[in-house]
Structure formats: C-alpha cells, structure tokens
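**Student:** Shown below is the structure under consideration.
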Amino acid sequence: MRILIGISAALVIGLASPASADPAIWDGFYIGANAGYGWQDSEFVMEEGGAWSTVDPQIQSVIADGGTGDMDADGILGGIHGGFNFAFDRWVAGFEADISFTSLEDTRTEGPLTEPVNNLDFTFRQDIKTTYLATLRPRFGLSIKQTLFFVTGGLAVAEVEVGSAITGQLDPMATGPDYTSYGSTTDTLFGWTIGAGFEEMFAPNWSFKAEYNYYDFEDATFSSNSTAAAYPGYSESVDVDLDMHVVRAGISYHFN
C-alpha cells in the first residue's frame, strides 16, 4: 500500500513539473524478462463429510480444528513479459501480459490432537505449491524525463498444487492409528491483481523496471477421502483461500 501511495504522489508531482526536452519514447511493442521475490498467505478450512456425521461430535470438532489453519510461503520467481504502449504527450497507456514460474511452497503439520473423551489422537499434514503465475492487465502512467511511473491492475491466473492428509485413531480399542485419509488436486485459479511501479529508459530501446503487485485468487476446493478399509465413506472437504504479494524487477526491449 505504501508503494501505491508513493507512485500516486510521483504522478501528482510530475503534473506540476515541466516536460522534458528529450523525453523517452514509450510507444509500441516491447518484450522482456523479469525476476523477483514473492510471499503468499493461504488458509485451509476443513469440514467433515460422509460417514463423519455418525461419529461423536467431539471427534468431528478435532478433525475440523486440526484441518483448519494458515500457511505462509515465500520464494523467488522469474519469467517473461510483453506488451504495447500508447503515448499521449507525457501520458502512457497500454497493456501488459506476463508469466512467471515460482518456488512458492509450504507444508503445515498439526498434532497429535487428542479427542478428550476417548483419548483418540489425530495428526494432520497439508501442502501448497504455486507452480506458475500469469497476468493480463492494462497499465497507465506518467512519463517524467526518462522515467515512467505507472499503476496497473487486471486479470491474474495461478496454478496451485494442494494436498491434505490425516492419520488417527477412531477405534478406542485399536493399538495404534486405524484411520487415514488423503486428497490432493492441481487447480488453475483465477483472480485479480493491482500494483504500481516505475520504468527507466536507460538506453535507446532498453528499459529497466521495478514493481509491486498484490494478487487475490478464488478458492481451491478438493476432497480428502478415507484410505482405511475399515472406514469407507469417510471424507473431508478442504477449501483453500490464497493471496499473494510480489516484488520484481525486469528489463525490456522496445520495438520503436
């Protein structure tokens, strides 16, 4: 948010400054490469389904509590981008598309959690990995000498791999874990992004940029099903909420 405010302030200051005698040429197509750092926040929410309705409510509560929690992942990302600019005096408008591959992944473990009536223990493991991130968005900015200050926002797409597993004991007479379940999915999530940054034309046809973007995605939903022969029909539904922050820098070649 501070970055967005800073870029907005630069736009206002730029309006009050005289135009450059030799401004950068932003018109036309461009392509480039970028790399950066991202961090994502995800929340797993688990609900019991199927035969869980026949089980003691306190056991159901342990399952819901253990399968619900937050994860924070961070890592590097890199990819390519391209777009087209229209320049109107010092104002620049255009569109940009990009795709980046990421190392954002995390694992959460919980337990053992103990059900208080029969002292039944359950352990939980959940995983999330974001494999790629892509956007298609308009950009709008103000050129001050060789620097373009811009804001941007639009469509965001991410591919995520998520999974959930439970190991526990449902039979008080069992000598160890007798219940296991597992589920996973690879899903393409759609959402939106908003951000801001600056771009510097440091040589004819070549520019350097730095930007921040916030992403918010639709939820990923999947089922975790019993893998224990003694407990067929037990299942859990898992809902995963995901948002993300990315700071990156890139270099572009302009065909003008």
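Please treat every number below as a calculation from the coordinates, not as lab data. Just so it is clear, the structure is predicted and the values come from calculations on it, not from any experiment. All Cβ positions, even for glycine, are placed from backbone atoms using ideal geometry, and neighbour counts span all protein chains on display.
**Student:** Given R₀ = 22 Å, what would the calculated FRET efficiency be for residue 107 paired with residue 190, taking r from the Cβ atoms and rounding to 0.05?
**Tutor:** Details: r = 25 Å, r/R0 = 1.14.
Efficiency at R0 = 22 Å is approximately 0.30.
**Student:** For a quick check: sort 160, 247, 117, 151 by the number of other beta carbons within 10 angstrom, fewest at the front. Walk me through the intermediate numbers first.
**Tutor:** Details: 160 23, 247 15, 117 10, 151 18.
With the fewest neighbours first, 160, 247, 117, 151 line up as 117, 247, 151, 160.
**Student:** What is the Cα convex hull volume of the chain when expressed per residue in Å³?
**Tutor:** Values: hull volume 29.3 nm³, N = 256.
Given the Cα convex hull of the chain, per-residue volume reads 114 Å³.
**Student:** Also, I was wondering about something else. Which order do peptides 225-236, 48-59, 96-107, 123-134 fall in by mean Cβ count within 10 Å, highest first? Don't skip to the end; give the middle numbers.
**Tutor:** On the way: 225-236: 16.0, 48-59: 14.2, 96-107: 18.1, 123-134: 20.2.
So the order, starting with the most tightly packed, is 123-134, 96-107, 225-236, 48-59.
**Student:** Follow-up question, since we're still on this one. Using only the alpha-carbon atoms, how far is helix 57-66 inclined from the longest principal axis of the chain? Give it as 0 to 90 degrees, nearest 10.
**Tutor:** Around 30 degrees separate the two axes.
**Student:** Tally Lys and Arg at +1 and Asp and Glu at -1 over the other residues with C-beta under 9 Å from the C-beta of residue 147: what net charge comes out?
**Tutor:** Values: positive: 145; negative: 199, 200.
Net charge around residue 147: -1.
**Student:** Is there a quick way to get the dipole size of segment 180-256? I mean about its Cα centre, with the Cβ of Lys and Arg at +1 and of Asp and Glu at -1; what is the value in debye to the nearest 20? Present the calculation step by step, with values, prior to reporting the outcome.
**Tutor:** Working: 2 positive and 11 negative charges, 66 e Å.
Roughly 320 debye, rounded to the nearest 20.
**Student:** Let me ask something additional. Using the Cα centre as the reference, give the magnitude of the dipole from point charges on the C-beta atoms of the chain (Lys, Arg: +1; Asp, Glu: -1; all else neutral), rounded to the nearest 20 debye.
**Tutor:** Computed charge dipole of the chain: roughly 1460 debye.
**Student:** For n ≥ 4 DSSP H runs only, could you compute -39500 (n - 2.57) per run for the chain, divide by its residues and tell me the 222 nm figure to the nearest 500?
**Tutor:** On the way: 2 runs with 25 residues, N = 256.
Helix-only estimate at 222 nm: -3000 deg cm²/dmol.
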